[in-house]
Amino acid sequence: MLFKGALWKVLFSNNFRKSFGKLKSSQTQKSVVNLLVTLSKGWRPKKLRVETLSDNPVQLVKQYKVGRMYIISSVDVAKYSCYTQVLKIWDILPLEEIPKLVKSLDSIFSLYTDDYLNRCKLEHSEGDLVVPVTWRIDDETVRYKNTNNLELVDSSSDGVLDGRCYIENSKVRDSLLLMKFYSLSAGLVNHLLSGSDGKELDLPFEVTDKESDIILFPRSSLILGRSGTGKTTVLTMKLFQKEQQTTFHLQDLWKPWEIFL
């Protein structure tokens, strides 16, 4: 019943998962979960508890206050049966740690095309609720600009090199571009509130559009990428999908013989 009436798909990052586990108050943890569930149902605070961050004209990052902590979020577009807006939860932080994250996020968002940014910023309301905007699957959009001429700099810097945006050159576990996200559900809420820090259980994470294309691609795939970026995971999922398809195909072949068995 917790997610009855949910309109938004809420994805939380690995960083949020770790920070949530460090919250000392169980009451604060429950307040955070209640806020995320409420946001998934389209409610948005009208006054002081939400703020648009940074002077960057992109302005995709928002913060929601819970006690002395702040949930940092943004709207993104995900590809499922259609393109749809989703709510991404990046972290939950004290006030003094927010500027560093916002600066890194702004630099990443500056890599997005204008069309993609406009889709992220588009807002549609029905009554008092904000509902996600959707687009047909054939109405494809490009996420990133041509980044061939952009330089790689360390993500611990200020995120700007001679006025240009950067591509992250951080460790995989620290990279926001390669960050794993998990879909908020009743099962994951129980896991978060159980006090587990995730070491005992590997949670199923959301695959990116590119990873999904590889998994669903009917022929063999060759993937190039640095260590820790998910190549093995994606190819394993592709193998499982092929096995499923084969099993269903064999079941269909045996159906005509069921009459005689």
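The values are calculated or read from the model by the stated rules, or taken from the named source; none is laboratory data. Remember, it's a predicted structure, so these values are computed and weren't measured experimentally. With ideal geometry, Cβ positions are generated from the backbone for all residues, glycine too; neighbour counts draw on all protein chains shown. Protein only, heavy atoms only, side chains kept; ligands, DNA and RNA dropped before computing areas. Shrake-Rupley method; radii C 1.70, N 1.55, O 1.52, S 1.80 Å.
For the range 87-129, the set of residues classified as open to solvent by 20 Å² or more (accessible area, probe 1.4 Å) and touching a Gly at 6+ places or on another chain (Cβ under 6 Å) consists of Lys103, Leu129, listed by residue number.
Would you say Lys30 is modelled with pLDDT under 95, among the basic types (Lys, Arg), more than 27 Å from Trp135 (Cα to Cα) and not in a helix (DSSP H, G or I)? No; evaluated as a whole, the condition is false for this residue.
Selection of the range 77-118 for residues being small (Gly, Ala, Ser), in contact (Cβ under 8 Å) with a residue 60 or more places away in the chain and closer than 22 Å to Val133 by Cβ yields only Ala78. Exactly one residue out of Lys18, Lys41 is in contact with a Gly (Cβ under 8 Å, 6 or more places away or on another chain), open to solvent by 70 Å² or more (accessible area, probe 1.4 Å) and modelled with pLDDT of 85 or more: that is Lys18.
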